[in-house]
Amino acid sequence: MSTRAQDDDPNIKRILGVTPGMGKAIGLDEKWVYNLVKLVGNYGEVFDRNVGKDSPFKLERGLNDLWTKGGLMYAMPVR
């Protein structure tokens with residue numbers, strides 16, 4: 001499991017399935033988010049690989065970047 005799974009943040013623990021409840025509530029395995037990110041990567045990694053700097057298209061993230069970097073991407077809290 002990633003080092004983020006050992007984070008003290010209860011939201012991180014809930015999302016990664018360390019604290020059970022979220023997966024079961026939506027009918028999935030508790031570690032579904034962890035497994036998904038492990039298999040395909042996070043949004044930035046997927047973007048870079050398919051249309052961004054690591055692809056033949058070499059597109060800049062622009063508005064698809066995080067809000068902290070001038071884009072519009074903002075993750076809503078998962079409860």
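The values are calculated or read from the model by the stated rules, or taken from the named source; none is laboratory data. Quick caveat, the model's predicted, so the values are computed rather than measured. Cβ sites come from the backbone with ideal geometry, for glycine too, and all protein chains shown count toward neighbours. The area values use the complete protein model at the heavy-atom level, side chains included, leaving out ligands, DNA and RNA. Shrake-Rupley method; radii C 1.70, N 1.55, O 1.52, S 1.80 Å.
A few notes on this one:
- Heavy-atom accessible area order for LYS69, LYS31, LYS58, LYS24, largest first, 1.4 Å probe: LYS24, LYS69, LYS58, LYS31
- Whichever lysines have a C-alpha closer than 20 Å to that of LYS53, once near sequence neighbours (fewer than 8 apart) are set aside: LYS69
- Hz values of 3J(HN,Hα) by residue in the stretch 52-58 - Karplus curve (6.51, -1.76, 1.60), Gly and Pro given as x: x, 4, 9, 10, x, 7, 6
- Proximal aspartates and glutamates relative to LYS31, as straight alpha-carbon distance under 16 Å, when same-chain residues fewer than 8 apart are discounted: ASP7
- Take GLU30: with every protein chain present and a 1.4 Å probe, its accessible area is about 40 Å².
- Helical runs (DSSP H, four residues minimum) scored at -39500 (n - 2.57) apiece and divided by the length of the chain put the mean residue ellipticity at 222 nm at -8500 deg cm²/dmol.
- Local electrostatic count, ASP29, Cβ distance below 15 Å [Lys/Arg +1, Asp/Glu -1]: +3
- Sequence-distant lysines (8 or more away, or on other chains) whose Cα lies within less than 19 Å of LYS38: LYS13
- Expressed as a fraction of 2.2 N^0.38 Å, the C-alpha radius of gyration for the stretch 20-75 is 1.42.
- About its Cα centre, the chain has a charge dipole of approximately 100 debye under the convention of +1 per Lys or Arg Cβ and -1 per Asp or Glu Cβ, with nothing else charged.
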